[in-house]
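The values are calculated or read from the model by the stated rules, or taken from the named source; none is laboratory data. Only a predicted model underlies this, so the values are computations on that prediction, with no experimental measurement involved. Positions of Cβ are generated from backbone atoms using ideal geometry, with glycine treated the same way; all protein chains shown enter the neighbour counts. Heads up: the accessible areas ignore ligands, DNA and RNA and are worked out on the full protein's heavy atoms, side chains in. Shrake-Rupley method; radii C 1.70, N 1.55, O 1.52, S 1.80 Å.
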Amino acid sequence: DRMHARAAATMQVNLSDNELEQALTFYRSEIGQQVVAAETRATSPAEVSAMQNGVPLQKVSAERQAMIDRLASQLPALDMGEEVSMALANMATQSANQILGGLFQIPDGLATQLRAQMEPNLPQTLLYVYRDLDDNQLKSYADWSESDNGRAFFKAANAAAHDALNP
């Protein structure tokens with residue numbers, strides 16, 4: 001509940017009423033609902049477990065690859081992945097230190113290493129997550145992600161994730 005409250009407060013601070021309304025309009029639209037469904041499915045426990053050894057290779061047209069590359073440049077997936085990974089590393093380190101008296105620390109540069117590991121896999125991951133969206137739907141999502149409102153929303157969502165995970 002506290003994480004959710006911190007995230008909601010950050011979203012309110014970082015989005016104007018118009019930007020919030022535009023984001024809600026997008027995510028309530030048919031394409032927005034399909035994006036949410038794809039992302040919800042991709043983060044389900046069964047799907048996360050199935051993807052632990054990598055996602056199935058998605059062979060796609062150059063046009064679809066270009067749309068995914070556009071999305072990859074806008075979505076805060078790497079930033080959020082890094083935030084979650086670092087939050088888990090911090091929590092594990094704190095727990096181990098409570099048990100073992102402060103012997104552990106997070107190595108310098110871990111965030112950079114994590115990002116470097118995630119970045120090459122991002123396009124294939126996004127292709128897999130959004131595999132059920134047709135090219136027109138994917139293009140609409142990429143277009144919205146590049147709009148002023150889409151960029152504002154993703155920036156605010158990234159800040160919200162950071163604040164939620166770092167009290």
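Using a/c under 1.5 as the rounded threshold, could you call segment 1-99 rounded, prolate or oblate? The axes a ≥ b ≥ c are square roots of the C-alpha gyration tensor eigenvalues, and prolate needs a/b larger than b/c, oblate otherwise. Judged from the Cα gyration tensor, segment 1-99 comes out oblate (a/c at least 1.5, b/c at or above a/b). Subtracting the Cα-Cα distance of Asp108 and Ser147 from their residue separation scaled by 0.36 nm leaves 10.5 nm.
If you sort the three axes of the alpha carbon gyration tensor as a ≥ b ≥ c, you get a/c of 1.5 or more for segment 1-45 and a/b no higher than b/c, which makes it oblate. Largest GNM mean-square fluctuation among Asn149, Asn97, Asn121, using the chain with Cα springs under 10 Å: Asn97. Here the chain has 54 percent of its accessible surface on carbon and sulfur atoms, given a 1.4 Å probe and all protein chains in place.
Geometric descriptor of segment 93-167, per residue, is 140 Å³ (volume of the convex hull of the Cα atoms). The loop-placed trypsin sites (Lys or Arg not before Pro) in segment 1-101, going by DSSP, that have at most 10 neighbouring Cβ atoms within 10 Å of their Cβ come out as Lys59. Excluding ligands, DNA and RNA, the accessible surface per residue across the chain is 62 Å² with a 1.4 Å probe. Magnitude of the charge dipole for the chain, about its Cα centre and with charges confined to Cβ atoms of Lys, Arg (+1) and Asp, Glu (-1), is about 340 debye. For the residues Asp143, Asp69, Asp17, a GNM of the chain with alpha-carbon springs under 10 Å puts the largest fluctuation on Asp17.
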